[in-house]
1. Which helices pass in chain A if a helix is a full DSSP H run, must span at least 18 angstrom along its long axis by Cα, and must have mean Kyte-Doolittle hydropathy not below -0.5?
2. What part of the accessible area of chain A, given as a whole %, is carbon or sulfur when the probe is 1.4 angstrom?
3. What accessible area, summed over both chains, is buried at the A-B interface (1.4 Å probe, Å², nearest 100)?
4. Over all distinct Cα pairs, what is the inverse of the mean 1/r for chain B, reported as the Kirkwood hydrodynamic radius in Å?
5. Using 15 Å as the cut-off for backbone N distance, which residues of segment B:1-40 belong to the label zone defined by a point 7 Å from the Cα of B:R50 along Cα→Cβ?
6. If you rank A:S105, A:S27, A:S48 by how much accessible surface each has, with a 1.4 Å probe, what is the order from largest down?
7. From the residues B:Q114, B:I33, B:A69, which one has its Cα farthest along the dipole of segment B:4-160 in the positive direction, the dipole being from +1 and -1 charges on Cβ of Lys/Arg and Asp/Glu about the Cα centre?
8. So, in nm, how far is label A:Q90 from label A:A20 when the simple model puts each one 7 Å beyond its Cα toward the Cβ?
Amino acid sequence: MGVERSGGIGWLSTTVDAFANWARKNSLWPMPFGTACCGIEFMSVLASRHDMARFGAEAIRFSPRQSDLLLVAGRIPIKMMPVLTRIYEQMPEPKWIIAMGACASSGGVFDTYSVVQGIDNFLPVDVYIPGCPPRPEAILDALIKIQKLIKRDSLGHYKPPVEETAT
Amino acid sequence: MLPKDQLTVVIKEKFPDSFLEITDFRDMLTIHIRGEQVLDLLRTLKTDPRFAFNFLADITAVDHLEMDAPARFAVVYHLLNQHEVRRIVVRAWVDEEHPSLPSVYPLWKTADWQEREVYDLFGIEFTGHPDLRRIMTPDDFQHHPLRKDYPLQGRGERSNFPVVKRRIGSKWQEDKSVQ
């Protein structure tokens with residue numbers, strides 16, 4: 001973006017892509033899906049010491065219809081997986097997913113019949129955070145990585161959703 | 001509360017067919033009984049003034065697969081006498097084929113969810129239970145996962161969900177250079 005001046009009137013020259021990405025990446029509205037200790041750890045990222053508001057992502061929304069970043073923090077049992085899928089489908093496009101911690105990313109130590117072995121089996125995860133639970137700095141790092149992804153995106157890459165017919 | 005030898009005589013007299021034994025571990029008495037008469041035994045323990053175990057603290061179960069035991073399953077009842085603060089354990093043994101017990105819901109309403117949990121995880125049916133549904137696993141779950149012959153990693157339950165793909169194509173799906 002460049003600021004140009006002509007006759008006392010300020011101008012901004014930019015591309016639509018750059019402007020939209022700039023707006024999107026600096027106003028992420030996360031929806032925390034905290035099911036375990038990672039959810040507790042996520043609270044400290046919002047608090048003053050680490051302060052996720054510095055990256056424009058402090059508007060936590062517990063309604064998926066108002067958020068564009070799903071942050072899955074904790075293990076997902078088989079009874080919760082349909083709920084999580086439904087929450088993801090309720091979020092408006094464009095949307096991103098962070099799998100926070102070992103359990104959401106891979107099932108962690110819970111290699112049992114009732115725990116889903118990584119939500120990426122069923123949902124398109126963008127960024128994984130290792131750790132049990134991760135440090136707050138790691139969560140901020142993941143947020144910055146999401147911002148990098150958004151920055152390289154383009155509106156031209158979006159195509160209308162295809163109606164899926166039941167087979 | 002009666003001491004162990006007297007309790008043995010009393011219970012044996014009342015339930016000669018189904019009484020097995022009374023064991024003692026660190027002053028905790030355990031009455032072993034065959035499953036059919038467990039409701040009568042628990043009613044005696046609750047209403048007889050010599051016992052007066054008025055509170056059902058817990059119902060759980062143990063799977064004795066390939067172990068030396070009177071039967072495969074033992075349903076364990078923990079009773080508490082709140083006046084004298086004494087506890088007793090009742091183990092009701094049930095066989096592997098069609099494991100079934102009389103429900104103790106008529107005695108203690110708290111048995112409702114406890115028996116649902118035992119039914120869900122061990123597959124032991126409680127006849128006379130008002131609402132015997134699964135309580136922990138999903139409603140369409142097929143197995144009883146705390147049985148010892150159920151594999152730890154399940155039978156495919158954790159991978160049986162529809163996969164949600166990205167509805168809208170994004171650049172970073174193809175671009176591997178983004179880190």
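1. Numbers: long enough: A:136-151 (23 Å, 0.57).
Helices meeting the criterion: A:136-151.
2. Working: 5110 of 8820 Å².
In chain A, the share of accessible area belonging to carbon and sulfur is 58 percent.
3. Numbers: alone 10210 and 11600 Å², together 18990 Å².
Chains A and B together bury roughly 2800 Å² of accessible area.
4. Kirkwood radius, chain B: 18.8 Å.
5. Residues B:1-16 qualify, since their backbone N sits under 15 Å from the label point.
6. On the way: A:S105 25, A:S27 50, A:S48 110 Å².
Ranked from most to least accessible, the order is A:S48, A:S27, A:S105.
7. Checking the options against the dipole of segment B:4-160, the answer is B:Q114.
8. 2.6
The values are calculated or read from the model by the stated rules, or taken from the named source; none is laboratory data. Just so we're clear, the structure is a prediction, and the values are computed from it rather than from any experiment. No Cβ is skipped: glycine too gets one built from the backbone with ideal geometry, and neighbour counts run over all protein chains shown. We work out accessible area using only protein heavy atoms, side chains counted, and drop any ligands, DNA or RNA first. Shrake-Rupley method; radii C 1.70, N 1.55, O 1.52, S 1.80 Å.
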